[in-house]
Structure formats: structure tokens, C-alpha cells
Amino acid sequence: MNCAKTLKSCGENFSLGVQYLSKPWMSRKQENHKAMGEIGENEEEVKLVGAWFSPYVHRVTWVLKLKGIQYEYVEEKINSKSSLLLDCNPVHKKVPVLLHHGKPIAESLFIIEYIDETWKQNPILPTDPYDRAMARYWAPYIDQMILEGSKRALYVEGEQLKKEIKKVSEAMEVLEGMLKGKKYFGGERLGFLDIAFGWIAIWLEAIDQVAGVRFLDSHKYPLIHKWKNKFREIDVVKDSLFPMEKLVCFFKKYSQYSKLKLSEATK
Ligand SMILES: N[C@@H](CCC(=O)N[C@@H](CS)C(=O)NCC(=O)O)C(=O)O
């Protein structure tokens, strides 16, 4: 996602990242973990480089918070990337990047796996090898089909828009099927896929508003609708939630900028 120009015009929102993503969060249960030495002292050496509007960044913060890991949050200016980001993620130059003891890890889903393997409390990935393999299979598929597809719906038109809507809807049906007989994608408790798909409960609503589509149709996808409401009520999610109108503003600018770029490219 090239957010550079979009961010320039939504510039006042830069500060939001620090406000929403860096709030210290530790439940009583996690304070107990710390007292018992289950959460080590090394959490002070965890740094997250992110951007307030990024669903990829938020999924990492949810995991850090669920596990009660203390971290320093650094808001990145995507329109003028810092040398920290460029040094840490020289290939993709994207957020999030997690630094643990100064060692950088990029790509949100890999970061979550790293966190889960490093801090064992409140496990996120399924323990069963088959379920684990399936979780790893579905998470990037949904990123590609729904996250990237719905974002394209913000600026493509005509036949291409119809194609994107069809693709996203097909993937939404897959998700609806995955929730049959389950409370969460992770089963009885929140898991890796809930975290990976969590953006759907928040970002997709803003995309629907701006693109004038109904990807989140509660009649077509009643199970996703129920899950979405439950997901938004989770403490760590509520804790880092920003006002929806900020995201709508961001997507409006993103849509205008991307439409302009597309029309220039096809001239
Ligand atoms: N696959 C990556 C995607 C990360 C990503 O696309 N980040 C966007 C922000 S939402 C970014 O940093 N864009 C900067 C750019 O495209 O230059 C992940 O899961 O971490």
C-alpha cells in the first residue's frame, strides 16, 4: 500500500499512532505473570515501528498486549521514511517492524509467530500441527484476497470493481464457513486467525463506507457479524481503537490519490 501522499493530506493524524498504539497495557492476570517471573525483564527491549492506520501494525500490537509485553512504539512517517525503518526493512520498506534486542523482524504474520515462540504466555498459534498448518495457510490468503482486494475497491471502477467485489465476496464466504459451530476462528478461544482477520471487524467497515460497497453484509454473513461484535469488545482491541471517522478520512484521501494515479497511468 503506498500511503505516502495519502498521509501527507491526512497529516494531522500522525500523532494518533502514538496515542492509540503505545498505551501501556497490562491486565491484573499479566501483572501476576510478571510477579511470578513468567514475563521476563527483556520486554523493555522490544520496539515496534508502525503507523496508526495500518491493520498489519495493529495485529502485532494486539498480540503484544494480549501477552502483556512492554514495548516502545515508534510512529513512522510513511511519506518520509526514517533511516530506522529503511535499515530494518530494506527489502519491503514497510511497517510493522519489530525490534527485539535490536534485531529486526518484518512482516506482521512472521512477527506474531516470533512473539508467540519467544513469550509463551497466552499462546496465539494452535498447538495441534494440522490446525497450525491451516492457520498459516489461511492468514496470508485472506490478506491477499480480502485486505488487498477490498483496498483496490477504493479506486478501481467498472468491470474491474465488479471483479474485486466478486473475489472479496468469495473469500468472505470461505470465512463464514470457517466460523460454523465455532465462537472464534481459533475455536473456543481467540487465536492466530482471529488476530490475523481482526482488521475485518474494524477496517472493512470504513472501506465499505468509502467505497460504497457492502463487503460486511450482516445478512449474508451472520457468523462474521457476530464474531465482529465479539472481537471489538476484547479489551486490547477496544484499548487501541481509534475513532472510525479518522479511518474514513484516511481512506477517502487514499481513494482520491489512488484514482488520480490510476488515471495518470492509463493516459
Ligand atoms: N505483508 C506486510 C504488509 C505491510 C504493509 O503493507 N504496510 C504498509 C502500511 S499499511 C506500508 O508500510 N506501506 C509503505 C509503502 O508501501 O511504502 C505485513 O504483513 O506486514
- request: Highest first, please rank the peptides 65-75, 154-164 by the mean number of other Cβ atoms sitting within 10 Å of their residues.
  value: 65-75, 154-164
query: Rounded, prolate or oblate: which fits region 65-159 when a ≥ b ≥ c are the square roots of the eigenvalues of the alpha-carbon gyration tensor, with rounded for a/c under 1.5 and prolate only if a/b beats b/c?
result: oblate
message: Among LEU223, VAL237, ALA201, whose Cα projects farthest towards the positive end of the dipole of region 181-245, with charges put on the beta-carbon of Lys, Arg (+1) and Asp, Glu (-1)?
response: LEU223
Length-normalised contact order of region 113-267 in % [C-alpha pairs under 8 Å, at least 6 apart]: 23
Rg in Å to one decimal, and Dmax rounded to a whole Å, for region 184-262 via C-alpha atoms: 14.1, 45
query: Using heavy-atom solvent-accessible surface (probe 1.4 Å) with all chains present, what is the largest-first order of LYS180, LYS259, LYS220, LYS228?
result: LYS180, LYS220, LYS259, LYS228
Phi-based couplings in Hz for region 220-234 (Karplus 6.51, -1.76, 1.60; Gly and Pro marked x): 6, 10, x, 6, 5, 4, 5, 4, 4, 5, 5, 4, 5, 8, 5
message: Need one value: the accessible area of ASP143 in square angstrom, 1.4 angstrom probe, rounded to the nearest 10.
response: 20
statement: Treating only Lys and Arg (+1) and Asp and Glu (-1) as charged, each at its beta carbon, one finds that region 191-267 has a dipole about its Cα centre, in Debye to the nearest 20, of 320
statement: Measure of exposure for THR266: accessible area at 1.4 Å probe, Å² rounded to 10, is 110
- request: Order the following by accessible area, largest value first: MET244, MET172. Probe radius 1.4 Å; ligands, DNA and RNA are ignored.
  value: MET244, MET172
- line: Ranking LYS47, LYS93 from most to least accessible area with a 1.4 Å probe gives LYS93, LYS47
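The values are calculated or read from the model by the stated rules, or taken from the named source; none is laboratory data. Values in this document were obtained by computation on a predicted structure and should not be read as measured data. Glycine also receives a Cβ, built like all others from the backbone with ideal geometry; neighbour counts cover every protein chain displayed. SASA here: full protein model, heavy atoms, side chains in, ligands and nucleic acids out. Shrake-Rupley method; radii C 1.70, N 1.55, O 1.52, S 1.80 Å.
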